[in-house]
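Here the structure comes first, spelled out in structure tokens, and everything after it is commentary.
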Amino acid sequence: MAHVPVPEGMPGIRGLMAYRPETALPLNQLAEVLLQGPSTLTKGERELIATYVSSLNRCTYCASTHGAIAKHHLNDADVVRQVREDPETAPISPKLKALLRIAAKVQQGGRRVTDEDVAAAHAEGATDLEVHDTVLIAAAFCMFNRYVDGLATWAPDDESIYDQIGAQRATQGYLAPAKPLA
């Protein structure tokens with residue numbers, strides 16, 4: 001049971017956003033810009049960063065939700081699973097691997113990102129903007145994960161629920177209202 005009252009049928013951050021819509025809007029606007037807005041990283045790549053950080057944080061709801069969104073953008077559930085397990089062996093670009101290494105360092109603590117980490121990402125073709133956005137996505141998802149888990153929201157066991165959320169967010173973005181799940 002969540003530490004605050006959330007509507008029935010609204011797991012994870014969805015319930016918290018329904019509970020406190022005043023904070024939901026700016027949080028969703030941030031997610032929209034970071035994950036759906038203009039970028040040289042694809043929406044699928046950005047969702048993989050969110051998924052990976054959420055997996056490192058052991059936030060079941062966020063890792064499963066953003067994994068499902070990534071799956072819909074990439075049309076590939078297997079690559080999402082592989083990134084969650086071990087991005088170094090996943091069939092993704094060397095650039096994305098270097099960015100995920102940076103994201104993992106941010107998850108441990110922002111000051112763990114070194115000049116060498118950034119140089120390695122640049123050597124694989126990452127731009128300054130891509131490094132910036134990777135760090136910001138990783139930092140934001142540490143916050144989102146702690147928000148979801150810190151208020152003890154529930155995470156469904158049914159993968160079809162995440163697929164439903166993933167399909168909605170992949171097509172409608174983060175500013176569309178979340179609806180209770182069927």
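The values are calculated or read from the model by the stated rules, or taken from the named source; none is laboratory data. Bear in mind that the values here come from a model prediction, so they are computed numbers and not experimental data. Here Cβ is always computed from backbone atoms with ideal geometry, including for glycine, and neighbour counts include all displayed protein chains.
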Subset tally (residues that are at positive phi and modelled with pLDDT of 95 or more) for segment 1-27: 1
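Is there a residue being within 13 Å of residue 144 (Cα to Cα), modelled with pLDDT of 95 or more and hydrophobic (A, V, I, L, M, F, W, C) anywhere in segment 35-49? Walk me through it before giving the result.
Going residue by residue through segment 35-49, those that are within 13 Å of residue 144 (Cα to Cα) are none.
Scanning segment 35-49, I find no residue that is within 13 Å of residue 144 (Cα to Cα), modelled with pLDDT of 95 or more and hydrophobic (A, V, I, L, M, F, W, C), so the answer is no.
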Test for residue 11: is it over 23 Å from residue 163 (Cβ atoms), over 13 Å from the mean Cα position of the chain (by Cα) and of a type outside the set (S, T, N, Q): no
Close pairs from segment 78-89: first free of Cβ contacts under 8 Å to residues at least 24 places away in the same chain and closer than 22 Å to residue 163 by Cα, partner among the aromatic types (Phe, Trp, Tyr) and surrounded by 11 or more Cβ atoms within 10 Å (Cβ to Cβ), Cβ under 8 Å, at least 6 apart: none
Identity of the residue in segment 49-66, buried (at least 23 other Cβ atoms within 10 Å of the Cβ), under 20 Å from residue 168 (Cα atoms) and of a type in the set (Val, Ile, Thr), that ends up nearest to the chain's Cα centre (by Cα): 51
Members of segment 20-46 that are in a loop (DSSP other than H, G, I, E, B) and free of Cβ contacts under 8 Å to residues at least 40 places away in the same chain: 20, 37, 38, 42
Residues of segment 132-156 satisfying the condition of being within 17 Å of residue 51 (Cα to Cα) and either free of Cβ contacts under 8 Å to residues at least 60 places away in the same chain or of a type in the set (Gly, Ala, Ser) (or both): 135, 138, 139, 140, 143, 155
Top-ranked residue of segment 142-182 - restricted to ones that are buried (at least 20 other Cβ atoms within 10 Å of the Cβ) and in contact with a Phe, Trp or Tyr (Cβ under 9 Å, 6 or more places away or on another chain), ranked as nearest to residue 59 (Cα to Cα): 145
